[in-house]
Amino acid sequence: ASLRSRLTSGPWKRPAAPVPSAAPSRPRFWEGQDVLARWTDGLLYLGTIKKVDASRQVCLVQFEDNSQFLVLWKDINPAAVPGEEQICCVCYSESVSPENQLVRCEKCGHTYHQECHLPRVLDASSDGAGVLGAWMCRQCVFAVATKRGGALKKGPYAKAMLSMKLVLPYQFKALEWDPAHLTNRQQCYCYCGGPGEWNLKMLQCCSCAQWFHEACTQCLSKPLLYGDRFYVFECCVCTGGPESVRRLPLRWVDVAHLILYHLSICCKKKYFDFEREILPFASENWDNLLLGELSDTPKRDRYSQLLSALSSHKDRFISGKEIKKRKGLFGLHIRVPPPAPQCPGGHGGSTAQQPQGQPPLTDSR
Ligand SMILES: [Zn+2]
Ligand SMILES: [Zn+2]
Ligand SMILES: [Zn+2]
Ligand SMILES: [Zn+2]
């Protein structure tokens, strides 16, 4: 929590045509500046800018654990600079009209035009102060509400977040996707517009096919496992309200595959011991796996079902025996998540091109 204790905010839209006279007197980013940077999990982390690269619009950011990463400008939120309270942090203009006043975020101190903030700020002076009592910008609402395992579901912040999530802070149509629709060139995903890794705790909307961070969704009953695509999910933009989510049934081979994939990402190794690693993980996380019909399986049957799934699907799993290692070790031929089930709840759109990005599960290395 300490990483995210300092809430700041930044622009969500690049100015369409920046007016030179209205440009900020200082650059937006500079070396030594403390910022919040959005990571691929959708969460904000405190860091310090080490280098600014204007041509690529990235900064080298050093985080609290001393690691350094390049972060796109769109994912960096600088703190409000004193004296800039009278200038909109999106368009850098101070001109106002009766319908387009400047409103100041209670939390971070950044100022926005009503029209420049997404969604538009209805009326910051009266009831537009909204459920929080004072107006808070999108960035700050997300900074408070997003959590590992899923965002807040109840209370004023959850409500404010939902209303923000009905509008995306970026041009969805302008995103350039790979053929499998797993990654886009802009590295822009979710309601937050942050970077992401589709296989690392993200859900794909069955209507618009965009990917969403676990931390930004408010519909999950259990945290996601890495590579778990056994959900039918529809985002707030597509439903026009709260997200919808439904768990799809898993077969034993899917359970075994999911566990091996999750463990291989967590532990960064290939082979796992059935009795010492795979089975204990299954037992400890049995409820989180949301296995529907399989969830009533008694413990002794889980043992035999998982073991037989691992032994019988030689197209997916490789056993220690086959590579002259210890018997009882299992790994994935190729480290890919279990294939996505067909999305029965989808209605047209990009669902027709269900992601095909995974290499076939053969030992074709
Ligand atoms: Zn997000
Ligand atoms: Zn503005
Ligand atoms: Zn704010
Ligand atoms: Zn959607």
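Coordinate-derived values only; no laboratory data. The model shown is predicted, which means the values in this text are computed figures rather than measured ones. Cβ: placed from backbone, ideal geometry, glycine included. Neighbour counts: every protein chain shown.
Label zone (THR239, point 7 Å along Cα-to-C-beta; backbone nitrogen cut-off 18 Å) within segment 146-161: 146-147, 149-161. Given R₀ = 30 Å, FRET efficiency for LYS51-VAL81 by Cβ-Cβ distance, to 0.05? That gives a FRET efficiency of 0.90. Partner lysines whose Cα lies under 25 Å from the Cα of LYS154, excluding those fewer than 8 positions away in the same chain, are identified as LYS107, LYS165, LYS201, LYS222. Relative to the compact-globule estimate of 2.2 N^0.38 Å, the Cα radius of gyration of segment 110-225 comes out at 1.12. Taking other C-beta atoms within 10 Å as the exposure proxy, TRP30, TRP135 rank TRP30, TRP135 from fewest upward. For GLU234, the shell of other residues with beta-carbons less than 15 Å away shows a net charge of +3, using +1 for Lys and Arg and -1 for Asp and Glu. Electrostatic tally near LYS201: other residues with Cβ closer than 13 Å to its Cβ, Lys and Arg +1, Asp and Glu -1, net 0. Taking the Cα centre of segment 224-274 as reference, the dipole from Cβ charges on Lys and Arg (+1) and Asp and Glu (-1) amounts to some 200 debye.
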